[in-house]
Amino acid sequence: MAEKLWNGRFEQPTDKLVEEYTASIHFDSRLYSHDIQGSIAHCRMLAECGIIAHEEASQIVQTLGEILRDIERGKVKLDSSQEDIHMAIENELTARIGDIGGKLHTARSRNDQVALDMRLFMREALSSLLELLRNVQAALVQMAEENLEVIMPGFTHLQHAQPVLFSHHLMAYYEMFSRDFGRLSDCLGRTDVMPLGSAALAGTAFPTDMEWTSRELGFSRVIANSIDAVSDRDYLIEFCSAAAILMMHVSRMAEELVIWSSAEFSFIEISDAFCTGSSIMPQKKNPDVPELMRGKTGRVYGNLFALLTLAKGLPLAYNRDLQEDKEPVFDSVDTVMATLRLLGKMLPQIRIHSETMANMAGQGFTAATDLADYLARRDVPFRKAHHVAGRIVQYCIQAGKDLGECSLDELKGFHKAFDEDIFDFLEISSIVDRRLSVGGTATLRVKEAIVRAKADLESRGAVSAKNIKTEE
Ligand code: ARG
């Protein structure tokens, strides 16, 4: 282990096991570019404020840039001989330029440094996630538009309920993902706050300019309280929560893709590129990708609980426990990113079996509600109409036929209000297209929803911390 930057007051060397136990370099080395970005801004600010000399600052900044390049080329060893990424980079700096490197840490501590690094990391990750989520939504809208004619059975309790447009079903997921987009955007707004300069917890006596650092790093504003700056991780918990809800939506869709690609349903076929085979059963083509999307949702939920539990008992301000915030966050970012990337690629390649869906849409007496509605439109009280339709369904089950296969006389036997136009009324497509209520499944409404969605996707464009409204 390199010479410790904090060992002035220690008489004995650190126990080897303690070094291993407390080290975080094996996971926080991922923050190297953010750490250097923050250090460069901090160093320039120190010079701007006359706290260190401009020549010294230039030398530090230049060397930090070189270290960044060397890390990227694999020329700097970042391993467990260093405690964390902050010390590793500072050690490397002083190894290269001697004592001047020691001036970089003026007016800051690792507590605010790590707080800054995580905010820089999260800001970047959120922007990428928002972009990937937008791509998934665009894929859904395109699928909805291309399959506007396709009718499927809508389900409640996984039983046939009423026919709906397949596009309407897809657009339901579009709406869920729009709210996920909103949650991640909100989180980005609260992440976009600059904590560096809060130092250990109390702020600093040096005449620093946190606004300068904030502008330099492209943040919207400086954090208001130095204790809060180094203590709280609520924006990370918020991210893990938004990620968990998003994965819950993905998982529901994944579950449907699995069911729909079974022989029993045969609604869709997932492209070979997204399936795998069995080592024993030669005929198998398994929907592993959606299965794993469903499965990985569990770990994203777990990460949320890890963070909530981590934070709940901590007295203010910084406690070393907080070092444990990184792995759950990194894992959620990686899992959600990989999932969204794959989902956006898999959806456009799904083959839709529209005839199977349409056939199934008419089965299971899915027109029964409309049979009742028909009578209600002819002034029969709905409760009574519902009862009559139920009796007709029971009759059909016993006679082994479908509603549309009854003759007008048979229907009239149940209620005199039935007329010749009942058969057109029970056509699957007219059942769908009559549902013109707000957000209903009528083709007209779904078309409107698609137009709205396209405008929405257009207006979102590339998302960056800059154009996200900030609020606290
Ligand atoms: N590795 C630490 C973390 O991730 C950095 C801050 C350490 N601060 C301290 N006072 N020991 O939280």
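For the reader, a short list of remarks on this structure follows.
- Residue 209 versus residue 316: modelled label distance in nm, points set 7 Å from Cα along the beta carbon direction: 2.9 nm
- Within the shell defined by Cβ-Cβ distances under 13 Å, the residues around residue 115 carry a net charge of -2, with Lys and Arg each +1 and Asp and Glu each -1.
- Shape analysis of segment 2-95 places it in the oblate category; the axes a ≥ b ≥ c from the Cα gyration tensor give an a/c of at least 1.5, with a/b not above b/c.
- Tally of Lys pairs whose C-alpha atoms are under 26 Å apart, taken over segment 337-459, 8 or more apart or cross-chain: 7
- The angle between the Cα long axis of helix 368-377 and the main principal axis of the chain comes to about 70°, on a 0 to 90 degree scale.
- Of all lysines in the structure, those lying under 28 Å Cα to Cα from residue 16, and not within fewer than 8 positions of it along the same chain, are 4, 75, 77, 326.
- Modelled spin-label separation between residue 55 and residue 6, with each label point placed 7 Å from Cα along the Cα-to-Cβ direction: 3.4 nm.
- Look at the alpha carbon pairs under 8 Å that are at least 6 residues apart: their mean separation over the length of segment 1-133 gives a relative contact order of 33 percent.
- Qualifying aspartates and glutamates (Cα of each under 16 Å from Cα of residue 284; at least 8 residues distant if same chain): 264, 269, 272
- Helix axis angle, 110-146 relative to the chain longest principal axis, alpha carbon, degrees: 20 degrees
- Mean Cα-pair separation over length for segment 354-447, i.e. relative contact order, pairs under 8 Å, 6 or more apart, %: 24 percent
- Bridge orientation summary for the chain: considering DSSP beta bridges with both residues in this region, about 80 percent are antiparallel.
- Segment 272-419, Rg to Rh (Cα coordinates; Rh as Kirkwood inverse mean 1/r): 1.29
- Packing-based ranking, highest mean first, of 202-209, 176-183 given that Cβ atoms within 10 Å are counted: 176-183, 202-209
- The chain: C-alpha gyration tensor shape, a/c 1.5 cut-off, then a/b vs b/c: prolate
- Considering only alpha-carbon pairs that sit under 8 angstrom and 6 or more positions apart, the relative contact order computed for segment 178-285 is 22 percent.
- For the peptides 273-286, 85-98, 404-417, 58-71, the ranking by packing is 85-98, 58-71, 404-417, 273-286, with the highest mean count of neighbouring Cβ atoms within 10 Å listed first.
All of the numbers you see were taken from the coordinates with simple rules; none came from a lab. Bear in mind the structure is a predicted one, so any value in this text is a computation, not a measurement. All Cβ positions, even for glycine, are placed from backbone atoms using ideal geometry, and neighbour counts span all protein chains on display.
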